[in-house]
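First comes the structure, then the notes that go with it.
The values are calculated or read from the model by the stated rules, or taken from the named source; none is laboratory data. All values derive from a computational prediction rather than experimental measurement. Because the Cβ atoms are built from the backbone with ideal geometry, glycine has one as well, and the counts that use them run over all protein chains shown. Heads up: the accessible areas ignore ligands, DNA and RNA and are worked out on the full protein's heavy atoms, side chains in. Shrake-Rupley method; radii C 1.70, N 1.55, O 1.52, S 1.80 Å.
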Amino acid sequence: MVSVNVGGVTVWPGWLSPEDQAAMVGEIREVVAAAPLVTPETPRGRKMSVKMTAAGHFGWISDRRGYRYAPQHPSGVAWPPIPASVLAVWRAVAGVDRDPQCCLVNWYAEGARMGLHQDRDEADFAMPVVSISLGDDALFRVGGTERGGKTQSIWLKSGDVAVLGGAARLAYHGIDRVRPGSSTLLARGGRINLTLRVVD
Ligand code: MD3
Ligand code: FE
């Protein structure tokens, strides 16, 4: 298996076989059945284009009161457990002795995007973030640790795993666009991104 380094981010193209991807999507559908996707609202009242839910001890939520990690889905139910197949990816690539406490599920329909941001709501930036891409290709952009710096772009494809650690942990990053029809994994199209994190 050969990795690619983009702006300090390590990407493992095709880490998951098509069979493993299909099985993982089945497990994520169970997560979504227990903890339905929500359209997060920013504290300023704008709706995000990505729908979200989570598994694990914490989920990341955003609403008019602000954004934060929370131990429950907005409906009040506990987040379902992180699927075993997802946990296995973390244990293979994260290189740390802790397990993730959050598996954030980002669901991109056609036209959804995620603006450049830093992930800094976690307590320990020595802990990496691991990302798993499923479904349609996405144009991922990563820059430096300061807003407005140079950026690099790479297409993330279904089955790719990215490890965001070291200096890249606080890099600005986002998803510019998703390429409709580029994968047959999801019957109705779109993209799922899973991010695994240690939170506290
Ligand atoms: C680089 N998600 O959930 S995953 C997010 O594809 C998020 O849904 C994107 O950014 C997505 O916060 C990108 C790749 C990723 C995740 C975390 C990072 C890249 C990162 C943290 C630091 C640097
Ligand atoms: Fe992020």
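Here A55 passes the criteria (1) open to solvent by less than 50 Å² (accessible area, probe 1.4 Å); (2) under 29 Å from G144 (Cβ atoms); (3) in a strand (DSSP E or B) except the one numbered (2).
The set of residues in the stretch 134-146 being buried (at least 19 other Cβ atoms within 10 Å of the Cβ), away from ligand 2 (no atom under 13 Å from the Cβ), on the phi < 0 side of the Ramachandran plot and assigned to a strand (DSSP E or B) consists of L134 alone. In the set (1) among the acidic types (D, E); (2) touching a Pro at 6+ places or on another chain (Cβ under 9 Å); (3) more than 13 Å from ligand 1 (Cβ to nearest atom), the condition left unmet by D136 is number (3). Of all residue pairs spaced 6 or more apart or on separate chains, those with beta-carbon atoms under 7 Å, a first member in the stretch 102-119 that is in contact (Cβ under 8 Å) with a residue 12 or more places away in the chain and outside any strand (DSSP E or B) and a second member that is within 12 Å of ligand 2 (Cβ to nearest atom) and open to solvent by 20 Å² or more (accessible area, probe 1.4 Å) are Q118/L170; Q118/Y172.
Is it the case, given these coordinates, that G95 is surrounded by fewer than 14 Cβ atoms within 10 Å (Cβ to Cβ), within 14 Å of ligand 2 (Cβ to nearest atom), of a type outside the set (K, R) and not in a helix (DSSP H, G or I)? No. Y67 satisfies every condition listed in (1) within 16 Å of ligand 2 (Cβ to nearest atom); (2) open to solvent by less than 60 Å² (accessible area, probe 1.4 Å) except (2).
Regarding L164, is this residue open to solvent by 10 Å² or more (accessible area, probe 1.4 Å) and more than 9 Å from ligand 1 (Cβ to nearest atom)? So L164 does not fit the description; no.
Just to be sure, is R44 open to solvent by 70 Å² or more (accessible area, probe 1.4 Å) and either charged (D, E, K, R) or within 14 Å of ligand 1 (Cβ to nearest atom) (or both)? Give the derivation first.
Numbers: open to solvent by 70 Å² or more (accessible area, probe 1.4 Å): yes; either charged (D, E, K, R) or within 14 Å of ligand 1 (Cβ to nearest atom) (or both): yes.
Criteria met by R44.
Residues in the stretch 152-175 that are assigned to a helix (DSSP H, G or I) and hydrophobic (A, V, I, L, M, F, W, C) were compared, and the one that is farthest from ligand 2 (Cβ to nearest atom) is A167.
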